[in-house]
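Take a look at the structure set out below.
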Amino acid sequence: MRASDRSAIAVTISVMLACLTVTPLTQDPGFVGLSWVLITAIGATSLGLRRIRLTNGVVLSAQVAILLFYSLALSLTLVSPTSDLGTPWFEHYASLWGAGIEHMRTQASPMEPDDGVKLIFVTVIGMIMILTDLLVSGVGRPAWAIAPPATLFLVPALGLSTDTGVISFCFIAIGYLAILIAEGLNTTARWTRGLSRDSAEGFGTAMPVVWRAAGYLAVPAIVGTIVLGFALPTLSLPGLGFGTGPGGNGPLQLTDPTLDLRRNLLQPEDRDVIQYQTTAPDGVYLRLASLPQLNANGWSNVQIQLESGQSLPAIPGLSSEPGERQTTTIQVLDFSSQYLPLPYAPRTYEAEGDWRFDANSLTVVNAGRRAQDLRRLTYSVESVNIEPDSSELNDAVAGTPADAAVTAVIPPDLPDSLVQLANRITADADTPAAKAAAIQAHLRSNQFTYSTEPLPGSGYEALQNFLLRDRQGYCEQFASAMAMMARVIGIPSRVSVGFLPGERDEEGWKVSIRDMHAWPELYFANHGWVRFEPTPASVTGTAPSWTVQNEDSAESDPSADPSSEPTADELSPGTAPSVAPNEQPNVPGQGVNARGGRTLVGAGIALVLLAILAAPATLRVRRRSGRLNGEGPAEEQVEAAWAEIRDTVLDYGGSWPEGSPRAIGDEMAHRLDEEESESMSRVATLVERSRYARSFDHGGSMNELPAMTSEIRRGVAAPADVRRRVMALLFPRSLFRRTPREP
Amino acid sequence: MSLGYEKAAEIGHSPERAYSLGDVVQVMGNVRHAMESVIEGKRSSVDLALVVLLAEGHLLVEDVPGVGKTMLAKALGRSIACSVRRVQFTPDLLPSDITGVSVFNQETRDFEFKPGGIFANIVVGDEINRASPKTQSALLESMEERQVSVDGTTYRLESPFMVVATQNPIEMEGTYPLPEAQRDRFMARIQMGYPTPNSELDMLESHGSSDPLAALHPVTDGSTIRGLIEAVKNVYVSPAVKHYIVQMVNATRNSRDLRLGASPRATLQLLRASRAFAAMSGRDYVTPDDVAALGVSVLAHRVLPSTDAQLARRTVTDVIAQAIQSVHIPDRR
């Protein structure tokens, strides 16, 4: 094999492995296959063009052209949320990038599947492939080839708060090792040129290279692993979610309440983050934020108007304060957020720092809108509990809040299946409250299971997965599902994020990290935003009294029929356009992906096993092609061909005759057919000449040497049965031949 | 193709010219063909005789009576148009019969040198072990030095010069077997062996009615042979093959079955013989096969088996063959 071929193949393998390291970043590993196609194309370009000795510039241009073409072609098969079929391709391409970047910015790893992200990943991996190839084959600096794939490794290493795992590192290491071995073999090929030691080649030279390369890698790898092992978990980047991994000392961080509730629920160690004393007998839900907007990406925040002041405005939907104020004193133990955890509905609060409030949601936000370390912050709040009487609520109609433009909008692309489900569940209920109760009852029924391992997906797909498919989820799924369905049937809704009341002890209430919670709030006229609790009782206990339909409250008020609902006309399926293109099919596949990690490990082990199995065959094939490539001095070629014939005979279980080339040639000729034996004699004569004659005059038969060798190989293989052939391929005996030493 | 006598004579008269390996193959092919018309089915013996001729060595033909030892020697002599003498060794043969003697010439009143039997291109020494050691020494000294000194005058022997001595191993009475040191001077020993039944049948056909030896015409001449000898000297011996030769000779010295190994002279002669052997195959380089093929013929008569080997009834030929096999054939330049 040529040196350039070897390098190109090593680079291809290396980047293929490296791109596996970013799979933890997304829930959709579909980009891997696409990347591999691109990597292979770029690698093949390098191999082919360098073979015909084109310059780096040409190779690089061709590679970049392939990358661009592939990336564009890929973009045409993908769907962007902000463009449709009529959009020009370049705008479509740009919109995909924009959407992908936005998706990455707003989602925590593992990200939900997104076409833009896929395009970005594939394109970036293509760039890294080109860079690596340039480093190795172009400028001949294979030692630096660790750098581009390592950037791929560093992204999840830094971006994920959990351990990225040794497997990822292994991918990079194996790839780098491949490049180093290829380089080592290339170098060795240069060293041994001119030495024609028939028995020293192959293992003789390959093994030291392999060991040397392993040495190059092993020491830095071990040191690097240890250092990174200590350093990585404490790293967290702002804006990438709840950032502390196990062993970290930083506070629990919350910048965007939508981000990864689940991660907090999955925290390996449960620790208290907040403690409070309150006059409310049953504790309070501490709300951080409310997410009023529902669209294809799920529930999210909107721009809010912040006002300063310590007294909050009137409670939306309520003309007067119901009941009495509760006073709650809150100490933050270990928490960082831009939102101040407050019970709903807060009336006044006293907290150090510059806090602002939003009049619609009554959330209190840090003025800088940045996550703040709230540790040791103690503040007090007066609030009223919105705990409507069950029967009163039942008479209430769904209201129209001030922000109805957001909280009452049914997205036009909401899948029909969800709309139908919501209508079906609430078909028997007459009043909005009854409908809401029906939805909650549906979600709290034993059809649904609380699980922090829901099917992956985002936006509508997540809702569909949760409601229609596996019916497994945690508070976020329950809350968003209920809020969505409530909205469908005409009740303005939002999803709030915060904490459950926690546990009570003698000092007060303690809220732990696993009390992180999400719940829906529904808007009723004269009651305002009312908290519902669709999450199963195992987590939240019994549902609030007003959210359960009593027998006696079943009689409904006809006037409660929300015929005057601003959103009533949007209930008809006809106005909700079909969103089929945006629906991601293939749910079973997604289910497999959920266990992607384990599958990946399994695949990795299988790959390693395969590699080990294939190693002898690969080595043998490599050695053969190295021998028959027609390069080098004629004497070496002849010796190589001779050694190849010998190894073939050994591979097929034959014995290699003792003696001089002539004697061996005669002996072998007896074993072969007429034509092959003639070739054998000719090769033997060539070997004899090259070894013993004054000058090697091959009489022009060098050109035929590979053909003759192949013919002899065929002749040797001809009588072998299938088993023997397979053995010859997989376990070539010649590899394990003892190198004969001279006496 | 057989050259006639005249043609051969013509070659002989042509000025000294450079001969190629092609000539070696062709001329030796002719000689072999001619000799084989007399000696049936002894291709290897004939070839070995020619190898020794080209390598400027001497040949010892050793076997039981009647297998054609003398016939081989005579056929070789007859095939080449050069001076051939035959000396029948007897116990009363004197050294001067070999080397020659200075006789007083009455007319010139001076001593005149009468050359002995050794003064020829090819000397056939029949039953060499019948002569006294003294006479044997005279022959062997001339063989080695290719010159004869009589009465203070040194006479060079003309090239080509080859002694083909025959020896009968089983007739012990009244013989003086060549001591091993003397045998060392022969480049190679041929053991003729009995002919195969077919060859023997052919022999009956050809020899039954006529004498093929008489019908044998020379196919080449001395000066051609001289040129061929020079050509053979150009045959290349790679360092690997030289190494192989040395190792082979060393193997005889280190063998537990041999009391006496081969001498450095044997090494040299093995090299020369290998060159001639390669040249006769038309090759300008020596292969290990050439060396191995000649090993037994060149080495076996020079060594002495150990008592153990003798008790184990192992012949020297076997021991040498084994020693040759034990040497690793060089697989690089």
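Rank by packing, highest mean first: peptides A:605-616, A:514-525, with packing defined as the count of other Cβ atoms within 10 Å averaged across residues.
Numbers: A:605-616: 12.0, A:514-525: 25.4.
Sorting A:605-616, A:514-525 by mean packing, highest first, produces A:514-525, A:605-616.
I need the peptides A:629-639, A:643-653, A:348-358, A:715-725 ranked by packing, meaning the mean over residues of other C-beta atoms within 10 angstrom, with the highest value on top.
Working: A:629-639: 18.3, A:643-653: 21.3, A:348-358: 16.5, A:715-725: 13.5.
Ranked from most to least packed, the peptides come out as A:643-653, A:629-639, A:348-358, A:715-725.
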* To do: Under a cut-off of 27 Å between alpha-carbon atoms, report the lysines in cross-link reach of B:K74, not counting same-chain residues fewer than 8 places apart.
  => B:K7, B:K42, B:K114, B:K134, B:K233
* Structure fact -> Between A:T363 and residues 5 or more places away or on another chain, the pairs with built amide H atoms under 5 Å apart involve A:D358
* Asked: Could you give me the ³J(HN,Hα) list for region A:179-185, computed from phi with Karplus coefficients 6.51, -1.76, 1.60 and θ = phi - 60°, whole Hz, x at Gly and Pro?
  -> 5, 5, 5, 4, 5, x, 5
* Using amide H atoms built 1.01 Å from N in the peptide plane, name the residues 5+ places from B:V150, or on other chains, whose amide H lies under 5 Å from its own. => B:Y155
* To do: Per residue of region A:529-543, in order, report the coupling 6.51 cos²θ - 1.76 cosθ + 1.60 (Karplus, θ = phi - 60°) as ³J(HN,Hα) in whole Hz, putting x for Gly and Pro.
  => 7, 10, 6, 10, 9, x, 6, x, 4, 4, 9, 10, x, 6, 6
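Report, as an integer, the average count of C-beta atoms from other chains found within 10 Å of each Cβ along B:236-244.
On the way: counts 4, 2, 4, 1, 2, 3, 0, 1, 2.
If you average over the peptide's residues, the count of other-chain Cβ atoms is 2.
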* To do: Could you work out the relative contact order of chain B, using alpha carbon pairs under 8 angstrom and six or more residues apart, expressed as a whole percent?
  => 24 percent
* Structure fact -> Given the candidates B:Q167, B:G116, B:V235, the one whose Cα lies deepest towards the positive end of the charge dipole of chain B, counting +1 at each Lys or Arg C-beta and -1 at each Asp or Glu C-beta, is B:V235
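When the convex hull of the Cα atoms of region B:6-157 is projected onto a plane and the area is averaged over all directions, what value comes out in nm²? If you can, show how the numbers build up before the last one.
Numbers: hull surface 46.1 nm².
Projected area, direction-averaged: 11.5 nm².
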* Remind me, relative contact order of region A:589-728 in percent, using alpha carbon pairs under 8 angstrom and six or more residues apart? -> 25 percent
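How would region B:235-326 be classified by its alpha-carbon gyration tensor: rounded, prolate or oblate, with rounded meaning a/c under 1.5 and the a/b versus b/c comparison settling the rest? Provide the component values of the computation, followed by the final result.
On the way: a/c = 2.57, a/b = 2.23, b/c = 1.16.
The shape class here is prolate.
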* Convex hull (Cα only) mean projected area of region A:416-521, reported in nm² to one decimal -> 7.5 nm²
* Structure fact -> Output field shielding_mean for A:694-706 (other chain Cβ, 10 Å radius) holds 1
* List, in order, the whole-Hz ³J(HN,Hα) value for each residue of region B:127-143 obtained from phi through the Karplus relation with A = 6.51, B = -1.76, C = 1.60 and θ = phi - 60°; use x for Gly and Pro. => 6, 5, 7, 8, 7, 6, x, 4, 5, 4, 4, 4, 5, 5, 4, 4, 4
* Asked: Convex hull over the Cα atoms of region A:663-743, averaged projected area in nm²?
  -> 7.0 nm²
* Structure fact -> Taking placed amide H atoms and a strict 5 Å upper bound, the residues 5 or more places from B:G100 or on another chain that come that close are B:G116, B:G117
* Which percent of the Cα-Cα distances in region A:609-736 go past 24 Å? -> 27 percent
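Within a 10 angstrom radius of the beta carbon, how do A:L377, A:L291, B:L304 rank from fewest other beta carbons to most?
Placing the least packed residue first, the sequence is B:L304, A:L377, A:L291.
Just so you know, all these numbers are worked out from the coordinates, no wet-lab data involved. For clarity, every value in this text was computed on a predicted model and none was experimentally measured. Note that each Cβ is placed from the backbone with ideal geometry, even for glycine, and that neighbours are counted across all protein chains shown.
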